[in-house]
Amino acid sequence: MFPFTTRTFPTTIKFIRDTVKKYADKYPNSIYPEPVLIPPKKPWNDILSQNGYPMFSKQVSVLINRIRNAKTKNSVVKWCFGIDKDKTSTSKYKLSESRLFLLDNRMILGWKELIEKDEELKQYFPKYDEYYFVSEKCCDYVKGGLKHDRHPSFIGVMAEESEMRKKSWIKSGCNIFGSLNKKSRPLSIWNSNDVWQYARDNKLEINPAYNFDPSIDIDKQELRFERLGCTSCPFGSLPESKIIERLEKNLGHENYHEVITDKKYMNRFEKLKEYYPHLYDAQIIKTGMYKIIIDMDVPIRNDETYMKLYHLRREQINKWYENKRENVLRVMAQLENINDYKHKGESYVWEFTNENFEDSAINFDIKKYSLKEIKDIRKEEQEFYNTYVKPIKCKTKND
């Protein structure tokens, strides 16, 4: 069985089918079953709008989702401010201050004021007035048929690809026998250059989406894509974009913010627009994924309309931090009553104590709050939630 998902590049689907057919023809006495194309458990747009958009990484997406849906105050204090019950700092759990604006309901709905006044933006970007969730759950729905397959399997992941994969390899090694899901990860200790060198030395056929040229030295390759997972996945795209940014600055490019022509310095979304414009339009623009990518601070420089919105949104975010003291208070007030804990009763309603507000002021290096400020902001945010947020959230299911 060769299962793969529909959320991948068209060339990948063709490459898998052609490869299986090639070996089936070469070894007619062997058994080569047809590859199985697994669709998502439900439509892609429903996954994003109902269960959440992936953002930054799985760990960060989990953290944001848990903060916004926490059932206890201690959890929010720990995850949002990095403080345990004993006031010991736990940066391992702390949400970065640069991402704090993502907890503000007003900012999540703030796209409307940016786009609605501009006819060009309004025509280009759909879903601009929709509330969006953040979670890691898209993988469960897109890869569910693969993820829960209990057949022993070989997986081509490498420890260098993410912190999570590195920790998994340290814990379990290349081969996992003890769990129900037995698997082997023989490439765990390899890096990308090892893989490409092996492919070159052994003259392996490569998915054309990579644009790998076996006649060129490994360190001079200009790959079209570094990874061929889900075509619109943003996980890992921010560090990738920052590396490209540093490279360009070191090269002294004068027109840094102009549309780039050197494919070597394009990020994954710029390449998606360049090589698969129909996928870019369907999966980045039409789904509302552009909001996630902009909020991650990832440019798409070969899309002028996107860059126009990108700069407007970054200005809006900068202004949010200029008024950080009031906005931290707003976030705290919103987290207290964010969704009435799925209507499970008054026992689930809680509020921060005065001591918690003092701790947050110290944590964010801002002036302490007065009781009147706290009371007024609580009232404002409850009204905002009931008027603008709750009606939208009742239409969706963030499970």
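Listing for the model above:
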| read-out | value |
| --- | --- |
| Residue in the range 368-384 that is buried (at least 17 other Cβ atoms within 10 Å of the Cβ), at pLDDT below 90 and aliphatic (A, V, I, L, M) present | no |
| Residue list for the range 227-242, restricted to those being over 14 Å from the mean Cα position of the chain (by Cα) and under 19 Å from Ile294 (Cβ atoms) | Lys242 |
| Residue count, the range 175-194 (criterion: assigned to a loop (DSSP other than H, G, I, E, B), loosely packed, with under 14 Cβ neighbours inside 10 Å and of a type outside the set (Ser, Thr, Tyr)) | 8 |
| Qualifying residue in the range 298-312 (condition: part of a loop (DSSP other than H, G, I, E, B), at positive phi and either surrounded by 18 or more Cβ atoms within 10 Å (Cβ to Cβ) or touching a His at 6+ places or on another chain (Cβ under 8 Å) (or both)) | no |
| Some residue of the range 134-145 being within 30 Å of Glu304 (Cβ to Cβ), touching a Ser or Thr at 6+ places or on another chain (Cβ under 8 Å) and either of a type in the set (Gly, Ala, Ser) or at pLDDT 80 or above (or both) | yes |
| Residue satisfying all of: in the range 269-294; hydroxyl-bearing (Ser, Thr, Tyr) and not in a helix (DSSP H, G or I); surrounded by the most Cβ atoms within 10 Å (Cβ to Cβ) among these | Thr287 |
| Checklist (1) part of a helix (DSSP H, G or I); (2) under 23 Å from Arg227 (Cβ atoms); (3) under 15 Å from the mean Cα position of the chain (by Cα) applied to Ser49, failing item | (2) |
| Unmet requirement for Lys14, which otherwise passes all of (1) without any contact (Cβ under 8 Å) to a residue 12 or more places away in the chain; (2) closer than 22 Å to Tyr280 by Cα; (3) not in a helix (DSSP H, G or I) | (3) |
| Tally of residues being touching a residue at least 24 places away in the same chain (Cβ under 8 Å) and either under 20 Å from Glu270 (Cβ atoms) or hydroxyl-bearing (Ser, Thr, Tyr) (or both) across the range 207-234 | 16 |
| Considering residues of the range 177-204 that are among the hydrophobic types (A, V, I, L, M, F, W, C) and at pLDDT below 80 only, the residue nearest to Ile216 (Cα to Cα) | Phe177 |
| Hits in the range 212-243 (condition: over 19 Å from Asp140 (Cα atoms) and of a type in the set (A, V, I, L, M, F, W, C)) | Phe212, Ile216, Ile218, Leu223, Phe225, Leu238, Ile243 |
| Residue, modelled with the lowest pLDDT, within the range 320-367, restricted to residues that are among the basic types (Lys, Arg) and outside any loop (DSSP other than H, G, I, E, B) | Lys342 |
| Some residue of the range 92-115 being at pLDDT 90 or above, closer than 26 Å to Ile377 by Cβ, crowded, with 19+ Cβ neighbours inside 10 Å and of a type in the set (Phe, Trp, Tyr) | yes |
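The values are calculated or read from the model by the stated rules, or taken from the named source; none is laboratory data. This one's a predicted model, so the numbers in the text were calculated from it and none came from an experiment. Positions of Cβ are generated from backbone atoms using ideal geometry, with glycine treated the same way; all protein chains shown enter the neighbour counts.
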